[in-house]
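The numbers here are math on the coordinates, done by the rules we state, and not lab data. Please read all numbers here as calculations on a predicted model, not as lab measurements. As a convention, Cβ positions derive from the backbone with ideal geometry for all residues, glycine included, and neighbour counts pool all protein chains shown.
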Amino acid sequence: MRASNRRPSPALAVAAVALFVALGGTSIAAVTAALPRNSVGTIQLKQNAVTSAKVRNGSLLRADFRRGQIPAGPRGAQGPAGPSEAYARFLNGPIAIPAALTTLANLSIPQAGSYVISAKTYITASTSGVTTCRLEAGSDFDQSQTYAQSAFPFALPLLVTHSFDAPGSVDLKCSATGTHQANFVKIAAIRVGTLANSG
């Protein structure tokens with residue numbers, strides 16, 4: 001029997017293509033029906049299908065972990081100190097310095113805390129003698145002396161530190177053995193966070 005060399009008819013070719021498309025669509029529909037979107041979870045995965053070794057470094061975010069799973073890091077460096085307060089008083093003078101130790105000026109400290117306090121005065125003299133000045137804050141004080149003459153005025157600087165438990169005051173007291181005057185008297189107190197006295 002002789003083999004046929006006839007080509008398939010156009011109708012047969014169209015039918016074959018239609019059958020192929022129909023079968024392919026059915027397969028896709030079957031897969032879609034079996035695995036809907038977002039349907040694969042822990043239960044559907046085989047054991048060790050996803051392991052830590054398969055997760056890329058840096059691919060997880062903090063939101064991927066439960067509270068407490070990420071250990072706290074080391075404590076950071078201490079931040080800068082907060083703002084401090086400063087109080088000052090200024091008297092031009094001249095203020096006559098008596099023979100007995102007397103308060104020439106004082107500065108009110110409105111709140112408790114640790115303070116670095118400085119004072120200075122410019123001493124002038126009509127007659128020669130010794131001027132003694134003392135800066136007092138509670139039980140803490142600083143004292144300085146100078147021999148003043150009419151042609152040789154002298155500046156006296158003073159510095160004291162003190163921790164006030166409550167509002168208080170700082171006093172500048174002076175005495176003189178001659179006729180002396182205090183000029184440009186200034187007292188300043190700066191509150192600090194930490195105060196350590198040594199010596």
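Defining a contact as two alpha carbons under 8 Å apart and six or more residues distant in sequence, what relative contact order in percent does region 116-175 show?
For region 116-175, the relative contact order is 44 percent.
Along the Cα-to-C-beta direction of THR179, a point sits 7 Å from the Cα; which residues of region 126-146 have their amide N less than 12 Å from that point?
So the set is 126-128.
How many angstrom separate the Cα center of region 166-183 from the Cα center of region 76-135?
Using only Cα atoms to place each centre, the spacing works out to 9 Å.
Using square roots of five times the C-alpha gyration tensor eigenvalues, list the equivalent-ellipsoid semi-axes of region 86-192 in whole Å, biggest first.
26, 12, 10
For the pair GLN78 and SER114, what calculated FRET efficiency results from E = 1/(1 + (r/R0)^6), where r is the Cβ-Cβ distance and R0 = 22 Å, to the nearest 0.05?
Between SER114 and GLN78 the formula returns 0.75.
Separation between the ARG62 and GLN149 pseudo-spin-labels, each 7 Å from Cα along Cα→Cβ, expressed in nm?
7.4
With contacts defined as alpha carbon pairs under 8 Å and 6 or more residues apart, what's the relative contact order of region 86-192 in percent?
Reported relative contact order: 48 percent.
Taking R0 as 30 Å, what's the FRET efficiency between SER126 and ARG89 from their Cβ-Cβ distance, rounded to 0.05?
For R0 = 30 Å, the calculated efficiency reads 0.70.
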